[in-house]
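J.: Quick one: structure below, then a few questions.
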Amino acid sequence: MDLQLWYLLALPLLFLIGWWARGYEARVRAADQGGAPQSLFRGLNLLLNDQHDRAIDAFIAIAKLDPETIELHYALGNLFRRRGEFERAVRIHNYLLSRADLPAAERSNALAELAQDYLKGGMLDRAEESFGRLVEDPRHRFEALRALLRIHAMERDWERAIDCARRLEREAGETHRVAIAHFNCEIAERCVGKDDLAGATRCLEEALVSNRNSVRASILAGDIARRAGDTAGAVEHWLRIATDAPEYLPLIAERLTLAMDELGRRAEALNLLRRELLDHPSVDLLDVGYRRATEWEGAASGEAMLRDELKRHPSLLGFERLLAIRAATAQGDRELDLLRGLISVQARNLSRYRCRTCGFRTRSFHWQCPGCSTWDSYSPKRIEELDAVP
């Protein structure tokens, strides 16, 4: 009897304890959920005010309150990556991948973010491995192939770069013919370095199949012919550039005129230079023309060519060359030396090449921009000549 009475008294007490515990848990959960939006708004406000460190602290506080916030982990990882804190970004995305309850779609997204961390952080081997796994995922396939194309180009693994580019052309409908032509030219140059002229020729044929207007392939074809002892064949390749892409003639004018000289075609070479200077003025072409005219016809002929071209197309770079000639014949003229020095300083800045995509400037011509890795983004003209075009 006493035992039944005790049960009757205990049941209401247990009910009251359960009700209180449930209410306490609800209040704690409400407090946590209420703190998260407050921290979120504070973090966004700090982010908008460029207070990145304090914003990150606020977002980390939210992640601690609610570890299930996957999107917030992505946001934190992207913030760390943008700030160059790649190790912290890697830890964030590795944490997501380590969760057993992560859905398959989110696992792929986390792997894609991790691959970007590795790529931006310069860990190319890990980035390549991560993007290689993503190639099999239809949602990330093209993104992964583009990243692998970039990685293979950075590693100068041209064969694998060609494979990625062709897969993107077939599957994504993209056009990479210019890049593929340059990749083949890179392989051709490597073959030339190994004295494998036959292999280099095959690569150039592949380059012209991808891009039949490839100026670089035509230049290399002339170089290979000259190296093989076929000077006439080399001249034929280079003269084709003078016809099809005359703006690139300054890049090969030196070797072209020397080869034509070997074939006894001096007059033809000088006529070509004078004609191209009229139609496509260039400081580099003028420099070659002046030296060839001086060497083959005398100093008076070279100076006359330089002076006539400066009258038609005045340029600081051309005037610098004229002053160099005058300084050589007027030894001890301090005022002339001072003027030449001042002009040389200004001309040095104008004698560079400039990338059309990112504006990166270099003293030598590049087929691929060292700044943005874009192919064919450099004009063969110097900055002074580009800025003078109306």
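J.: Residue 135 is checked against (1) at pLDDT 95 or above; (2) surrounded by 15 or more Cβ atoms within 10 Å (Cβ to Cβ) and fails just one. What number does that condition carry?
T.: Of (1) at pLDDT 95 or above; (2) surrounded by 15 or more Cβ atoms within 10 Å (Cβ to Cβ), only one is false for residue 135: (1).
J.: Would you say residue 247 is open to solvent by 50 Å² or more (accessible area, probe 1.4 Å) and over 30 Å from residue 132 (Cα atoms)? Reasoning before the result, please.
T.: Values: open to solvent by 50 Å² or more (accessible area, probe 1.4 Å): yes; over 30 Å from residue 132 (Cα atoms): yes.
Taking the combined requirement at face value, the residue satisfies it.
J.: I've got another one for you. I'd like to check something: does region 276-290 contain any residue that is among the aromatic types (Phe, Trp, Tyr), open to solvent by 40 Å² or more (accessible area, probe 1.4 Å) and within 29 Å of residue 387 (Cβ to Cβ)?
T.: Taking region 276-290 first, the residues among the aromatic types (Phe, Trp, Tyr) are 290.
Then keep just the ones that are open to solvent by 40 Å² or more (accessible area, probe 1.4 Å); that gives 290.
Pick out the ones that are also within 29 Å of residue 387 (Cβ to Cβ) and you get 290.
Yes.
J.: If you go through region 93-109, how many residues are open to solvent by less than 50 Å² (accessible area, probe 1.4 Å) and at pLDDT below 80?
T.: Residues flagged as open to solvent by less than 50 Å² (accessible area, probe 1.4 Å) and at pLDDT below 80 within region 93-109 amount to 3.
J.: Residues in region 123-130: is at least one without any contact (Cβ under 8 Å) to a residue 24 or more places away in the chain, over 30 Å from residue 233 (Cβ atoms), more than 18 Å from the chain's Cα centre (by Cα) and open to solvent by less than 30 Å² (accessible area, probe 1.4 Å)?
T.: Scanning region 123-130, I find at least one residue that is without any contact (Cβ under 8 Å) to a residue 24 or more places away in the chain, over 30 Å from residue 233 (Cβ atoms), more than 18 Å from the chain's Cα centre (by Cα) and open to solvent by less than 30 Å² (accessible area, probe 1.4 Å), so the answer is yes.
J.: Report, ordered by the first and then the second residue, all pairs with beta carbons closer than 8 Å, sequence separation of six or more or different chains, a first member in region 373-387 that is modelled with pLDDT of 90 or more, and a second member that is open to solvent by 50 Å² or more (accessible area, probe 1.4 Å) and among the small types (Gly, Ala, Ser).
T.: Partner pairs satisfying both residue conditions: none exist.
J.: Cβ-Cβ below 9 Å, separation at least six or inter-chain, first residue in region 87-111 and among the polar types (S, T, N, Q), second assigned to a helix (DSSP H, G or I) and modelled with pLDDT under 85: which pairs?
T.: 109/70; 109/74; 109/96
J.: Among the residues of region 181-231, how many are open to solvent by 20 Å² or more (accessible area, probe 1.4 Å) and outside any helix (DSSP H, G or I)?
T.: 8
J.: For the subset of region 232-244 comprising residues that are in contact with a Gly (Cβ under 7 Å, 6 or more places away or on another chain) and over 15 Å from residue 285 (Cα atoms), which member is most open to solvent (accessible area, probe 1.4 Å)? Walk me through it before giving the result.
T.: Here is the first cut: in region 232-244, the ones in contact with a Gly (Cβ under 7 Å, 6 or more places away or on another chain) are 234, 237-238.
This time we only want the ones that are over 15 Å from residue 285 (Cα atoms), so: 234, 237.
Numbers: 234: 0, 237: 55 Å².
Among residues in region 232-244 that are in contact with a Gly (Cβ under 7 Å, 6 or more places away or on another chain) and over 15 Å from residue 285 (Cα atoms), the one most open to solvent (accessible area, probe 1.4 Å) is 237.
The values are calculated or read from the model by the stated rules, or taken from the named source; none is laboratory data. All values derive from a computational prediction rather than experimental measurement. Glycine also receives a Cβ, built like all others from the backbone with ideal geometry; neighbour counts cover every protein chain displayed. Ligands, DNA and RNA are excluded from the accessible area calculation, which covers all protein heavy atoms including side chains. Shrake-Rupley method; radii C 1.70, N 1.55, O 1.52, S 1.80 Å.
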